[in-house]
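Values quoted throughout were computed directly from the atomic coordinates according to the rules given, and no laboratory measurement underlies them. Because the structure is a prediction, the values reported are computed rather than measured. Please note: Cβ atoms are built from the backbone with ideal geometry, for glycine as well, and neighbour counts cover all protein chains shown.
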Amino acid sequence: MLIRFSGALALVLLATASASAEGNPRAHSCDGLPDNGALSAALRKAVASGANNGGLGFNMWGTIVANDGTVCAVAFSGGTYTDQWLASRVISAQKASTANGLSLSRITDQAASSKGALALSTANLFAAVQPDGSLYGLQFSNPVDPSDAYFQRNGLPDDPHSFGTPNDPMVGRPIGGINVFGGGLALYSKSGGKVGGVGVSGDQSCTDHQVSWHLRHNLNLDYLRTDGIGGVSPNASNPDTIIYDIKPNTTGLVGNNGVSVGGFGHPHCVNNPTLNSDGVTPAGLEAVQ
């Protein structure tokens, strides 16, 4: 009798869980996107490539979010979660959320005209959010809720050993956040337009951008050219790449005291990547598909 009751109870619990999942509007947000294993393998490959990545040679965190901002996978390239900057875990999620939230697929308005296709990387936002920039203040919007980043759904602090695993507390939640330096890119599939975003963090921001670019390519989610997605870069093969066009002031500093020629520039970093002949975009990046 006890066995029958246990079996019936299990069926009830299973049905309840299934109904709960079906009733969750984010239950299927990540369908078709890379899982933790795929992200981890692609991230390690991107970090190990060293193809003009520059920077300090550190390990990285990577995060994928879905088109609605739901975190789908979090991974790291080191052997354990402490082999890369721990703070970069949430930063990688912010970058993925930012690139996804501020990029668009081609849309059709009521007049049946096609417009709106634009991919913006987090690197493209640096100059625009500086004082007197066209997007000043953007970096203070959409703050991350710490309870989504560090706590279980029952409100208890999460076990750090779950960070970067399929059970990372950010998975299944809309992490939000706005990040305005290199490392975040929108994801585009061959047939579906924009499907989400990817963020990388753990080294100099210029290196984060390089690794995120290789990572997106490794994930086969860089179909911008196929769908006519443009960007702000002067390099048509890399439309949403980082742009080093900030002119230094007389003291040689960049950033708040520098001026981006095109308005979407990013400062140079330690061990900066080699540039293309245009003098402003990094060499060695795969052309978008």
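Assuming 0.36 nm per residue, please report the length gained on full extension of the stretch Asp83 to Asn154 beyond their Cα-Cα distance.
Details: separation 71, 0.36 × 71 = 25.56 nm, distance 2.81 nm.
This chain segment gains 22.7 nm when fully extended.
Tell me the mean residue ellipticity at 222 nm calculated for the chain from its helices only (DSSP H runs of n ≥ 4, each -39500 (n - 2.57), averaged over every residue, nearest 500).
-7500 deg cm²/dmol
Taking 0.36 nm per intervening residue step and subtracting the Cα-Cα distance, what contour gain separates Asn52 from Asn220 on full extension?
Length difference between fully extended and current span is 58.5 nm.
Can you tell me which of 138-150, 57-69 comes out highest on packing, and rank the rest after it, using the mean Cβ neighbours within 10 Å?
Peptide ranking by packing, descending: 57-69, 138-150.
Tell me which residues come under 5 Å, amide H to amide H, from Gly184 once H is placed; ignore anything under 5 positions away on its chain.
Thr122, Ala123, Val200
Return the distance in nm (one decimal) between the two label points of a simple spin-label model at Ser277 and Val261, each offset 7 Å from Cα along Cα→Cβ.
Once both label points are built, they end up 1.6 nm from each other.
For a quick check: with amide H placed at 1.01 Å from N, whose amide H comes under 5 Å from Asp145's, ignoring anything fewer than 5 positions away on the same chain?
none
Identify unpaired cysteines across the chain, taking unpaired to mean no other cysteine Cβ lies under 4.7 Å from the residue's Cβ.
Singleton cysteines: none in the chain.
What angle, in degrees between 0 and 90 and rounded to the nearest 10, separates the Cα long axis of helix 205-218 from the longest principal axis of the Cα atoms of the chain?
For helix 205-218, the angle is close to 60 degrees.
Under 13 Å from the Cβ of Phe181, count the other residues' Cβ atoms, weight Lys and Arg +1, Asp and Glu -1, and hand me the total.
Local net charge: -1.
Which number do you get for Rg(Cα) / (2.2 N^0.38 Å) in the range 116-239? Before the final figure, lay out each step's value.
Details: Rg = 16.2 Å, N = 124, 2.2 N^0.38 = 13.7 Å.
So the Cα radius of gyration is 1.18 times the expected 2.2 N^0.38 Å.
So for Leu215, Leu185, Leu39, fewest C-beta neighbours within 10 Å to most, what's the order? Could you put the intermediate results ahead of the total?
Details: Leu215 29, Leu185 32, Leu39 24.
The fewest-first ordering by Cβ neighbours comes to Leu39, Leu215, Leu185.
Any idea which of Ala186, Thr122, His209 is furthest toward the positive side of the dipole for the range 118-235, if Lys and Arg beta-carbons carry +1 and Asp and Glu beta-carbons -1?
Ala186
Where nothing but the Cβ of Lys and Arg (+1) and of Asp and Glu (-1) is charged, how large is the charge dipole of the chain around its Cα centre, in debye to the nearest 20?
Magnitude of the dipole: close to 300 debye.
In the neighborhood of Tyr81, defined by Cβ-to-Cβ distances under 13 Å, what is the net charge if each Lys or Arg adds +1 and each Asp or Glu adds -1?
That works out to -3.
Which percent of Cα-Cα pairs in the chain sits in each 10 Å bin, short to long?
Taking every Cα pair in the chain, the percentages come to 7, 28, 33, 19, 7, 3, 1, 0, 0.
Can you work out ³J(HN,Hα) from phi for every residue in the range 221-233, in order, using Karplus 6.51 cos²θ - 1.76 cosθ + 1.60 and θ = phi - 60°, giving whole Hz and x for Gly and Pro?
Those phi angles translate into 10, 10, 7, 8, 5, 4, 9, x, 8, x, x, 9, 6 Hz.
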